[in-house]
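A quick write-up on the structure given underneath.
The values are calculated or read from the model by the stated rules, or taken from the named source; none is laboratory data. All values reported here derive from a predicted model rather than from experimental measurement. Note that we place each Cβ from the backbone using ideal geometry, even for glycine, and neighbour counts take in every protein chain shown. Calculation scope for accessible area: heavy atoms of the full protein, side chains included, ligands and nucleic acids excluded. Shrake-Rupley method; radii C 1.70, N 1.55, O 1.52, S 1.80 Å.
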Amino acid sequence: MIAVAERTFGLLALLAILIAVVTTVALVRRRVPDWLRDDVALPLATAIAATATGGSLLLSEVAGYLPCTLCWYQRIAMYPLVIVLGVAVARGDRDVWRTVLPLTTIGSAVALWHIAIENNPAWGGPCEDAAPCTIIWVEEFGFLTLPTMALVAFVAISVLSLAARRP
Amino acid sequence: MTTPTKNARTEARRKEREEQRRADVKRQRLIYGGVGAAVVLLAVVIAVLSVGETDDRVGVSEVAGDVEVDGDTLPPIPDGAADPAVGQPAPVLSGADFDGTPMTVGDGAQLVSFVASWCPACDAELPLVVDWLTTSGPPEDVQFVMVSTNHDDSRQNWPPQDWFAAAGYTGDVLVDDVASSAFRAYGLTATPSWVVISDEGEVLFRASGMIDPAQFDTLAELAASG
């Protein structure tokens with residue numbers, strides 16, 4: 001069951017990469033379609049944050065993976081986004097990017113640090129012996145580890161919240 | 001100048017347009033929600049199909065053992081607080097190793113490590129344990145036992161007996177059952193987990209996660225002195 005969940009998260013992360021790239025291109029070209037800006041961007045960002053939150057809880061509380069210190073820092077940045085974006089969707093708040101970006105920037109920075117440590121185990125990082133930062137619990141398609149998936153989610157949420165801004 | 005009748009008609013048209021707009025928004029949301037649900041469902045189906053591509057290797061039921069638990073289930077290990085299980089009687093686990101040799105956990109001075117073969121942290125820790133066992137190991141009156149638990153044949157390092165053998169571990173192993181009864185009886189939620197049991201069968205220490213190899217001796221001495 002957990003193997004299926006990990007593969008599902010891997011596939012959704014690939015989809016999130018595609019969403020992030022397409023949305024970034026639309027933002028750079030200043031041609032964000034109305035349907036994306038008005039109807040899809042914020043609910044999709046909320047869904048990504050909710051999936052990342054649910055996935056992290058599933059892997060720690062059901063599968064028994066021990067979150068390391070850097071995992072916790074990424075969780076601190078990700079979990080509030082579900083509420084922040086959910087409220088923004090309910091209220092039609094297009095300026096939510098002002099709250100979202102600080103959280104996603106911090107989360108992305110920690111995720112990048114975690115990815116660097118995964119690739120350079122000698123660096124060690126700030127984690128405790130019981131749950132080292134260097135342990136790779138999940139690796140889908142050869143590159144999607146948990147911090148990589150978190151980074152993808154943070155970036156996708158960032159660009160989607162920017163795409164939802166008023167024209 | 002407009003008549004009241006004309007005003008009423010205009011108002012009715014406005015309401016109609018507003019209702020139409022609301023219906024359109026509702027329909028649009030349903031379509032987007034449906035597309036989203038379909039995408040997630042498709043991802044799950046692809047995941048099931050791709051993960052399900054297993055060969056003819058042995059399944060969990062063929063590897064898992066039969067474990068009898070005698071005693072009360074221990075409470076979960078609290079985060080950052082004193083462990084309420086310390087001082088409690090350890091549940092006595094009666095089972096066998098991979099060859100069917102009877103094995104008991106919880107009835108004497110023991111250092112117990114609960115591991116899952118697929119767990120990356122267990123995989124990182126096993127060679128350190130083997131090193132420790134070959135260089136110093138526990139005192140003679142302390143038994144070191146590994147409990148092979150949380151079996152999953154869809155993941156790496158399956159079957160667990162091959163994983164132990166590949167790492168050079170030839171010590172005692174109790175094989176947990178399909179429901180991970182041994183793991184649950186000790187109130188554990190993660191692998192690896194460590195439990196120290198006294199000569200009188202009391203829990204002296206529990207910890208989730210990897211242990212600094214420098215502490216192996218300390219924990220074994222705790223079991224001996226308890």
Sparse-neighbourhood loop sites, trypsin sites (Lys or Arg not before Pro) in the range B:5-88 - DSSP loop, at most 12 other Cβ within 10 angstrom: B:Arg57
Amide hydrogen neighbours beyond the local backbone of B:Ile211, cut-off 5 Å, H modeled: none
Net length gained if the chain between A:Asp93 and A:Leu57 were fully extended (0.36 nm per residue, minus Cα distance): 10.2 nm
Paramagnetic reach from B:Gln215 in the range A:129-157 [backbone N under 11 Å; point 7 Å along Cα→Cβ]: A:129-131
Degrees separating the helix B:120-135 axis from the principal Cα axis of chain B, which is the longest one: 10 degrees
FRET efficiency for B:Val178 and B:Ala82, using Cβ-Cβ distance with R0 set to 35 Å, rounded to 0.05: 0.60
Inter-label distance, nm, simple model (7 Å from Cα along the C-beta direction), B:Asn7/B:Asp199: 10.0 nm
Pairwise FRET efficiency - B:Arg29 versus A:Ala109, Cβ, R0 = 30 Å, nearest 0.05: 0.30
Within-12-Å neighbourhood charge of A:Leu144 [Cβ basis; K, R +1; D, E -1]: -3
Chain A: DSSP helices with Cα axial extent of at least 27 Å and average Kyte-Doolittle hydropathy no lower than 1.6: A:2-28
Interface size A-B, as summed buried accessible area [1.4 Å probe, Å², nearest 100]: 1900 Å²
Among B:Leu49, B:Leu128, B:Leu204: highest mean-square fluctuation, GNM of chain B, C-alpha pairs under 10 Å: B:Leu49
B:Ala96 long-range amide H proximity, modeled H, under 5 Å: B:Asp66, B:Met103, B:Val175
10 Å Cβ shell holding at most 15 others, DSSP loop, chymotrypsin sites (Phe, Trp or Tyr not before Pro): longest site-free stretch of chain A: A:1-140
Fraction of accessible area attributable to carbon and sulfur, the range B:61-225 (%, probe 1.4 Å): 46 percent
Residue-averaged beta-carbon neighbours from other chains (10 angstrom radius) around B:111-124: 3
Accessible surface, 1.4 Å probe, highest first, among residues A:Cys71, A:Cys133: A:Cys71, A:Cys133
Amide H contacts of A:Tyr65 (H built 1.01 Å from N, under 5 Å, at least 5 apart or other chain): A:Ser60
Cα→Cβ-extended label distance, 7 Å offset, between B:Glu19 and A:Glu139, nm: 6.1 nm
Pair B:Glu68, A:Leu14: separation of 7 Å Cα→Cβ label points (nm): 5.0 nm
Heavy-atom accessible area ranking, 1.4 Å probe, most first, across A:Arg91, B:Arg184, B:Arg206: A:Arg91, B:Arg184, B:Arg206
